[in-house]
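Report on the following structure.
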Amino acid sequence: MRLGFRTLLSLALCAAAAGAVLAHVAIDIVGDYALATDSYDNLHHSSRELISGVALAIAAFLVARGLRGCCEIAQRNRTRLACAAYGMREAVGYSIAAVAASCMLVPAMECLDARLDGTAVRQIGDAFGGSLLIGLVTTAVCAGLVAALIFALARWLISYRDAIVTILETLLRWNGDAVRRLACDLDRYHLTFRRRASYASPLSKRGPPVALLA
């Protein structure tokens with residue numbers, strides 16, 4: 001079983017968003033030392049929180065989807081679990097997509113910051129901190145590192161998917177056995193309620209208590 005296109009696309013979007021935020025911060029730091037005028041210093045960067053939230057939302061979606069898939073496999077039959085294959089084509093395509101998306105997100109973040117401050121970005125170099133070359137190189141390096149880290153983490157989780165499914169299967173079986181044992185214990189006791197006899201007098205009284213010890 002190979003990694004699906006939607007999974008790779010979601011991973012690439014998550015890596016691109018996280019890489020863009022890291023690159024935006026790195027460009028701001030590098031520009032303070034490498035450039036005479038840094039265009040990032042005059043703006044309030046509200047877009048970093050927005051893109052960070054998008055990255056966290058995509059990561060939460062991937063985690064929820066992965067856990068749901070593991071639960072479904074654990075409920076069906078764990079012996080049918082297939083090993084995931086990692087091809088070089090998928091890895092290269094994922095990395096290129098993540099870096100390219102980050103290179104588009106960084107100037108978009110700067111344009112958003114400028115629009116929120118009531119100004120406009122006039123040159124493409126200003127969208128990358130004042131230098132197109134430094135901005136692109138910094139973005140590519142940051143996006144590549146984040147993409148490699150996320151891909152390695154996803155690969156590690158998929159490699160241990162069998163153990164995760166085993167844990168979930170054990171938990172599901174334990175919960176099911178607990179419900180069945182409780183049901184069996186209740187079935188042992190037959191609770192019956194007898195009705196009052198029709199000939200019983202409603203004015204009848206109890207007799208005196210019987211002395212057990214003479």
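A Cβ distance below 8 Å, combined with a sequence gap of six or more or placement on separate chains, defines the contacts here; from the stretch 4-26, residues that are farther than 13 Å from M109 by Cβ reach residues that are surrounded by fewer than 24 Cβ atoms within 10 Å (Cβ to Cβ) and of a type in the set (F, W, Y) in the pairs L8/Y94; S10/F61; L11/Y94; L11/F151; A12/Y94; A15/Y94; A15/F151. Among residues that are over 19 Å from V165 (Cα atoms), more than 19 Å from the chain's Cα centre (by Cα), of a type outside the set (K, R) and modelled with pLDDT of 75 or more, I29 is included. With respect to I58, is the statement that it is surrounded by 13 or more Cβ atoms within 10 Å (Cβ to Cβ) and within 24 Å of E90 (Cα to Cα) true? The answer is yes for I58.
Considering only the stretch 103-117, I want to know if a residue exists there that is closer than 30 Å to R68 by Cβ and touching a residue at least 24 places away in the same chain (Cβ under 8 Å). Checking the stretch 103-117: at least one residue is closer than 30 Å to R68 by Cβ and touching a residue at least 24 places away in the same chain (Cβ under 8 Å).
Between A120, A152, the distinction of being part of a helix (DSSP H, G or I) and of a type in the set (A, V, I, L, M) belongs to A152 only.
Here is a yes/no grid of residues against (1) at pLDDT below 70; (2) part of a loop (DSSP other than H, G, I, E, B):
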{"site": "A140", "(1), (2)": "no, no"}
{"site": "I158", "(1), (2)": "no, no"}
{"site": "L168", "(1), (2)": "no, no"}
{"site": "A183", "(1), (2)": "yes, no"}
{"site": "H190", "(1), (2)": "yes, yes"}
{"site": "F193", "(1), (2)": "yes, yes"}
{"site": "A197", "(1), (2)": "yes, yes"}
{"site": "S201", "(1), (2)": "yes, yes"}
{"site": "S204", "(1), (2)": "yes, yes"}
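The values are calculated or read from the model by the stated rules, or taken from the named source; none is laboratory data. Note that the coordinates shown come from a computational prediction; the quantities given were computed from them, not determined experimentally. Reconstructed Cβ throughout: ideal geometry from the backbone, glycine too, with neighbour counts over all protein chains shown.
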